[in-house]
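Okay, structure first, notes after.
The values are calculated or read from the model by the stated rules, or taken from the named source; none is laboratory data. What you are looking at is a predicted structure, and each value in this text was computed from that prediction instead of being measured. FYI the Cβ positions are ideal-geometry reconstructions off the backbone, even for glycines, and counts take in every protein chain you see. Surface accessibility is based on the protein's heavy atoms, side chains included, excluding ligands, DNA and RNA. Shrake-Rupley method; radii C 1.70, N 1.55, O 1.52, S 1.80 Å.
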Amino acid sequence: MQFSVGDKVVHPRYGPGAITSIDRKELMDGPKNYYVIQMAGSGLTVQIPVGRADEAGLRFAMARSRLPQVLIILQRTPHLLPQDYKQRQARIGDQLRTGRASQLAMAVRDLTWHRKLAHLTKTDTDNLRQGSDLLAAEMALVSGDAVSDTSKLIASTMVAALASVVD
């Protein structure tokens, strides 16, 4: 996939950002071009070799028109997570590693519901925080809102979804 300066992209590990430049570096095995990505919210700058962008999982950020769909995913009935923490963490870890907004939203939704029904381990709690942070950052990048505002939107959406179920 080819990207250009100004494109909004998502790295599955580092999250969303914008390509600020394409730098050429002289290396021992010859010159190589790198996408220089300013990561949203973190101030981190990541450089990805142009020829390895697909391998790294770099993708375009979701379209702004997909924001309502992400909120709908958060509101849907959750998939019950395994009680076995190893199985649960493997499933959630797979979802987080995709870096895809829909997968992140499902992980956040399912872990939030699991927290209501049972105990979250430290790893579960860390995964919930990571999923929420990555999702909020991508939503903020495409909407132009502050990450703190999209974090609040995710949290309020989950509170409303939990409250809509009669115990």
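Give the ranking of Arg59, Arg129 by solvent-accessible surface, highest area first, calculated with a 1.4 Å probe.
Values: Arg59 20, Arg129 125 Å².
If we order Arg59, Arg129 from most to least accessible, we get Arg129, Arg59.
For the chain, which whole percent of the accessible surface, found with a 1.4 angstrom probe, sits on carbon and sulfur atoms?
Details: 4900 of 9160 Å².
Answer for the chain is 54 percent, counting heavy atoms of protein chains only.
The residues neighbouring Thr157, those whose beta-carbon lies less than 13 Å from its own, together hold a net charge of +2 under the Lys/Arg +1, Asp/Glu -1 convention. In the assembled protein chains, Ser102 presents an accessible area of approximately 30 Å² (probe radius 1.4 Å).
Students often get this wrong, so check it: of Lys86/Lys152; Lys8/Lys116; Lys8/Lys152; Lys8/Lys86, which have C-alpha atoms separated by over 26 Å?
Working: Lys86/Lys152 30 Å; Lys8/Lys116 35 Å; Lys8/Lys152 22 Å; Lys8/Lys86 34 Å.
Pairs exceeding 26 Å: Lys86/Lys152; Lys8/Lys116; Lys8/Lys86.
So how tilted is helix 101-117 from the main axis of the chain? Cα-based, degrees 0 to 90, rounded to 10. Tilt relative to the chain: about 30 degrees. Relative to the longest principal axis of the Cα atoms of the chain, the long axis of helix 147-163 lies at roughly 30 degrees.
Report the local net charge at Pro12: Lys and Arg +1, Asp and Glu -1, summed over other residues whose C-beta lies under 10 Å from its C-beta.
+4
Over the stretch 1-122, give the accessible area per residue in Å² for a 1.4 Å probe, as an integer. Please report the intermediate quantities before stating the final value.
Numbers: 6990 Å² over 122 residues.
Per-residue value: 57 Å².
Each part gets one Cα centre, and for the stretch 127-167 versus the stretch 37-94 those centres are 13 Å apart. Inter-label distance, Asp54 to Ser102: 2.1 nm, where each label sits 7 Å from its Cα along the C-beta direction.
So, taking all protein chains as they sit and a 1.4 Å probe, how much accessible area belongs to Val46, in Å² rounded to tens? Near enough 10 Å² of accessible area.
Out of these labelled values of Cα extents along the principal axes in Å, (i) 95, 49, 26; (ii) 52, 35, 33; (iii) 63, 34, 24, which was calculated from the coordinates shown here? Looking at Cα extents along the principal axes in Å for this model, the match is (iii). Neighbours of Arg115 by Cβ distance under 14 Å: Lys/Arg scored +1, Asp/Glu scored -1, total +2.
Give the angle, between 0 and 90 degrees and rounded to the nearest 10, that separates the Cα long axis of helix 122-143 from the longest principal axis of the Cα atoms of the chain. Rounded to the nearest ten degrees, it is 60.
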